[in-house]
Amino acid sequence: MRRTLPVAIAFTAGMIMILDGWLNISFINTFANRYFMRFITVSSTWAVGLGALNVVRIHVRAIGMKRPNYGFSYVLLFFFFTMIIFGVFLERNTNNPFYQWLLASFRVPLSTAVYSLNSFYLASACYRTFRARSLESGALLIAATFTMIGSVPMGGAIWGGFPIISDWIIKIVNDAVIRAFSIGLTLGTLSQTVRNLVGIERGYMAAGE
Amino acid sequence: MEENTIWHKLSNIDKRIIYVVMLFAVMIPLLKPLGLPLVYQREVIDTLAVIRSFPAGTIAYMGCEVDVSNSAELRPMMIALAKVMFELEHKIIIGGFWTDGCNLAAIWLGPVLDSMGAVYGEHYVILGHRSSPTTILDTARIDWIDAYSDRDINNMKLSEMKVMEGLAKASDLGYACIMNPGSPGTATYTTAWTATGTMSMILDFCTSGMYISAGANYQAGLTKGLVGGLNGAAQFEMLVNHPDKAVRSMDAQAFGHVAVIVFLIIGNVGYLNIKKLEREAKGE
Amino acid sequence: MDIAALRVAVKPFFEGWLKTDSNQMSLASFIIFICFASLVLRYWYIAVRTNQPLPKLRRIAGLDAMDESIGRATEMGRPVVYNAGISGFSAPTYAALAVLNYVARQTARFDTRLIGCFASAQVMVVAQAAIQTVYMEQGKADAFRPDDIRFLSGDQFGFASGCVGIMQRERAAAHHMFGSLAAEALILAEGGAAAGAIQISGQTNNLQQPFLIASCDYTLMVEEVYVASAYLSQDRLRIGMLSAQDIVKAIIVVVIFIGAIATTAGSTIVQDLLKVY
């Protein structure tokens, strides 16, 4: 029962959506679009609350047990509850000026700062990895160089051929490979989904092997 | 073979030196732009031509699938797009499914459009964030007002706004410009609208990371326009005669790329010379 | 061949029940789906009811290195950090959970600490239950630490910061990234590299693939993620399904090839046949 019931639920739900995607049968289409999709939205919203509880539990325990760096747990919990109080319970909810100020003054710069690390990490990763160890890695190196220099104005200013070669690599060579990957990915996704629906993959069920 | 030759040093430059060089390569052109000329891509020119082909009064949708992390590339596109849409007297319907998309649209586009003389509710509206894009876009195919529960970001009634006149369902839109940093993005809209035959005039404004897959969709005809990355944003700004942040940032991007290429060359020079020394040592 | 007449002849059979789309490829994609379903049933029968040999899976270096990375973590007395990507329940996440089951089994066997970092609360809840079950099956229920299975943040950069912080503070010896990753992929990979972890990535976003190839020790190429559970378990049923998948892929490749040749020669017969309904 512990293994059969989740598989039965997954199979039934999956078949409803598959049949809705292919077939023009009105009661299936209505059930899938009107009730099923809304049920999915509502049930996934509950999971947000579970995640919040997990965060609070871990950090309250860290404070209680005085784990290393537990001071940061105080900071996290302070901002966590502040955002919830202002965003959920007070006037105008997420349009509350203080909530908006918190978003604009903390979240925006922090997210932008972390994202901007990509430029530094990319430089160090490229320097470390793009070595002409073999024919293939040499070809990768040359393609990367042409693509980078051709995609900025300076490349066109140095030599008019750089943007043309860069464009060709991206639009012809790269596009063909991306399409091949997409076909393989789609079939892999289909196969994975079928394995989940019929219960061959049970990793999400906590039902064991 | 000794391991402290100049070639070993070139091949093993400390990461921190790379970070500092990158910092200066990007920061100096940002503070002192050089004004390097842009090369205009065909797809950006064609995208603007598509937008300009629609007459005054066309209802245009802007999908603000943005976040602060991708704002460097998408914000300039959104602002330039909003300006040209207003100048062409198109009605601007702004929506989005990323959590902060509509909030950021209100912060970035509201002041810009208001300064140009646009009136909220008459020339443009911000629909507000909704979760579950598939459900909303599917419902919008049949009844737009019902899809958004007749409420905008400020909880005002959409059905009472002048800008919403003529928009009963998605097929009433003239065109849709979707900011595309990932998912949900243009693919969400093409799946919901283009694949179902509802509306196919979807223009893709994507980040540089999405440019490759967006390019494949554009080539296949799934989307009817493509503006990609900071480069595309800069070109779009110049073409609509509103040069701004993207144009100013292009020099920094150019020098950043050149810095990476210089490090690649240095690393490979060091590596190849080390290999040569190893072969010579073995040959002895 | 008169395609228009064929369309008219075919339409009455399907128009009552088969949904159409604007590309007019409903029938072609439905036939591919039926082919796939038939092959799945065939290989299911072969795998379960017969002892007929199934095709061998080629070696995938990244998956072979999973045991090596867990062994390294065990010897060094440092944890394995596992992250299942940033998307909620989708096919890549299911593949990631299948691999997580394997990793949990190995860490339970060798008494290695496993830290799970999740960006989706739903996935975290399911993963926690799955790992606990695995630990109980291995007789190591006491070794399971619920605090090590963490929901970090729904925001991709909040998640990346949290995961990198965990790897650096806990000095992770192995970092496994499976599932679907976006712009934070490079931050996670470089963070893991800075912490000295051996890194194996298997994620399905082909746009992030170049970054991960540049910064990880082993990278599974896009759809190899979906092969992972079959490869690691060597289960006949799963391998059989992969065989079905590969045959359908071969059929699609042949159709593309013939279509490209025909279109180059000026004929639209393949396109017309694909769009017959």
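The values are calculated or read from the model by the stated rules, or taken from the named source; none is laboratory data. If you're wondering where the values come from, they're calculated on a predicted model, not measured in any experiment. Glycine also receives a Cβ, built like all others from the backbone with ideal geometry; neighbour counts cover every protein chain displayed. All accessible areas refer to the heavy atoms of the entire protein, side chains included, with ligands and DNA or RNA removed. Shrake-Rupley method; radii C 1.70, N 1.55, O 1.52, S 1.80 Å.
Overview of values
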read-out: Extreme residue, surrounded by the most Cβ atoms within 10 Å (Cβ to Cβ), among residues of the stretch B:98-136 that are touching a His at 6+ places or on another chain (Cβ under 7 Å) and closer than 30 Å to A:GLY21 by Cα; value: B:GLY101
read-out: Candidate set: the stretch A:150-207, residues that are touching a residue at least 40 places away in the same chain (Cβ under 8 Å) and more than 8 Å from chain C (Cβ to nearest Cβ); chosen: the one surrounded by the most Cβ atoms within 10 Å (Cβ to Cβ); value: A:ARG202
read-out: In the stretch C:217-255, the residues that are among the aromatic types (Phe, Trp, Tyr) and more than 8 Å from chain A (Cβ to nearest Cβ); value: C:TYR218, C:TYR231
read-out: Residue in the stretch A:53-61 that is away from chain C (no Cβ under 12 Å), open to solvent by 90 Å² or more (accessible area, probe 1.4 Å) and free of Cβ contacts under 8 Å to residues at least 40 places away in the same chain present; value: no
read-out: First in the stretch C:46-59 and modelled with pLDDT of 85 or more, second anywhere and open to solvent by 100 Å² or more (accessible area, probe 1.4 Å), Cβ under 9 Å, 6 or more apart; value: C:LEU57/C:GLN234
read-out: Residue check, A:ILE9 more than 10 Å from chain C (Cβ to nearest Cβ), assigned to a helix (DSSP H, G or I) and loosely packed, with under 14 Cβ neighbours inside 10 Å; value: yes
read-out: Those residues of the stretch B:186-212 which are assigned to a loop (DSSP other than H, G, I, E, B) and either under 21 Å from B:ILE51 (Cβ atoms) or in contact (Cβ under 8 Å) with a residue 24 or more places away in the chain (or both), in sequence order; value: B:THR196, B:THR198, B:MET199, B:SER200, B:MET201, B:THR207, B:SER208, B:GLY209, B:MET210
read-out: Single residue of C:GLN199, C:GLN203 found to be over 26 Å from A:ARG61 (Cα atoms), modelled with pLDDT under 90 and open to solvent by less than 10 Å² (accessible area, probe 1.4 Å); value: C:GLN203
read-out: Criterion violated by B:VAL247 - all others in (1) under 22 Å from B:ARG52 (Cα atoms); (2) outside any helix (DSSP H, G or I); (3) open to solvent by 10 Å² or more (accessible area, probe 1.4 Å); (4) within 13 Å of another protein chain (Cβ to nearest Cβ) satisfied; value: (2)
read-out: Selection within the stretch A:20-48 - within 26 Å of C:GLY88 (Cβ to Cβ), within 9 Å of chain C (Cβ to nearest Cβ), open to solvent by less than 90 Å² (accessible area, probe 1.4 Å) and touching a helix residue (DSSP H, G or I) at 6+ places or on another chain (Cβ under 8 Å); value: A:ASP20, A:TRP22, A:ASN29, A:SER44, A:ALA47
read-out: Qualifying positions in the stretch B:87-97 - surrounded by 19 or more Cβ atoms within 10 Å (Cβ to Cβ) and in contact with a Phe, Trp or Tyr (Cβ under 8 Å, 6 or more places away or on another chain); value: B:HIS90, B:LYS91, B:ILE92, B:ILE93, B:ILE94, B:GLY95
read-out: Residue in the stretch B:59-68 that is among the acidic types (Asp, Glu), part of a helix (DSSP H, G or I) and within 14 Å of chain A (Cβ to nearest Cβ) present; value: no
read-out: Within the stretch A:106-131, tally of residues that are facing chain B (nearest Cβ under 7 Å), among the aliphatic types (A, V, I, L, M) and open to solvent by less than 30 Å² (accessible area, probe 1.4 Å); value: 1
read-out: Members of the stretch C:138-161 found to be within 26 Å of the chain's Cα centre (by Cα) and open to solvent by 40 Å² or more (accessible area, probe 1.4 Å), listed by number; value: C:GLN138, C:PRO146, C:ARG150, C:LEU152, C:GLY154, C:SER161
read-out: Failed item, numbered, when A:SER73 is tested on (1) in contact with a Lys or Arg (Cβ under 7 Å, 6 or more places away or on another chain); (2) under 22 Å from C:ILE166 (Cα atoms); value: (1)
read-out: Residues that are over 14 Å from the mean Cα position of the chain (by Cα), in a helix (DSSP H, G or I) and closer than 22 Å to C:ALA96 by Cβ, drawn from the stretch C:216-238; value: C:SER233, C:LEU237
read-out: Which numbered condition B:LEU222 misses (of (1) open to solvent by 10 Å² or more (accessible area, probe 1.4 Å); (2) among the hydrophobic types (A, V, I, L, M, F, W, C); (3) more than 8 Å from every other protein chain (Cβ to nearest Cβ); (4) assigned to a helix (DSSP H, G or I)); value: (4)
read-out: Residue ID - farthest from B:ILE94 (Cα to Cα), chosen from residues in the stretch B:137-146 that are in a helix (DSSP H, G or I), open to solvent by 10 Å² or more (accessible area, probe 1.4 Å) and more than 11 Å from chain A (Cβ to nearest Cβ); value: B:ASP146
read-out: Selection within the stretch C:255-276 - over 32 Å from the mean Cα position of the chain (by Cα) and either part of a helix (DSSP H, G or I) or surrounded by 12 or more Cβ atoms within 10 Å (Cβ to Cβ) (or both); value: C:ILE261, C:ALA262, C:THR263, C:THR264, C:SER267, C:THR268, C:ILE269, C:ASP272, C:LEU273, C:VAL276
read-out: Residue in the stretch B:155-175 that is in a strand (DSSP E or B), touching an Asp or Glu at 6+ places or on another chain (Cβ under 8 Å) and over 15 Å from B:ILE126 (Cβ atoms) present; value: no
read-out: Among the candidates B:LEU239, B:LEU230, residue that is within 10 Å of another protein chain (Cβ to nearest Cβ), open to solvent by 10 Å² or more (accessible area, probe 1.4 Å) and within 18 Å of the chain's Cα centre (by Cα); value: B:LEU230
read-out: Subset of the stretch C:108-137 [buried (at least 21 other Cβ atoms within 10 Å of the Cβ) and more than 24 Å from the chain's Cα centre (by Cα)]; value: C:THR112
read-out: The stretch C:92-107: number of residues that are open to solvent by less than 10 Å² (accessible area, probe 1.4 Å) and either over 24 Å from the mean Cα position of the chain (by Cα) or within 12 Å of chain A (Cβ to nearest Cβ) (or both); value: 8
read-out: Subset tally (residues that are of a type in the set (A, V, I, L, M, F, W, C) and touching a Lys or Arg at 6+ places or on another chain (Cβ under 8 Å)) for the stretch C:230-258; value: 3
read-out: Unmet requirement for B:THR191, which otherwise passes all of (1) crowded, with 18+ Cβ neighbours inside 10 Å; (2) within 14 Å of chain C (Cβ to nearest Cβ); (3) of a type in the set (Val, Ile, Thr); value: (1)
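One line per residue, one yes/no per condition, for (1) within 14 Å of chain B (Cβ to nearest Cβ); (2) open to solvent by 60 Å² or more (accessible area, probe 1.4 Å):
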{"site": "C:ARG42", "(1), (2)": "no, yes"}
{"site": "C:VAL48", "(1), (2)": "no, yes"}
{"site": "C:LEU57", "(1), (2)": "no, no"}
{"site": "C:ALA61", "(1), (2)": "no, no"}
{"site": "C:ILE70", "(1), (2)": "no, no"}
{"site": "C:TYR82", "(1), (2)": "no, no"}
{"site": "C:SER87", "(1), (2)": "yes, no"}
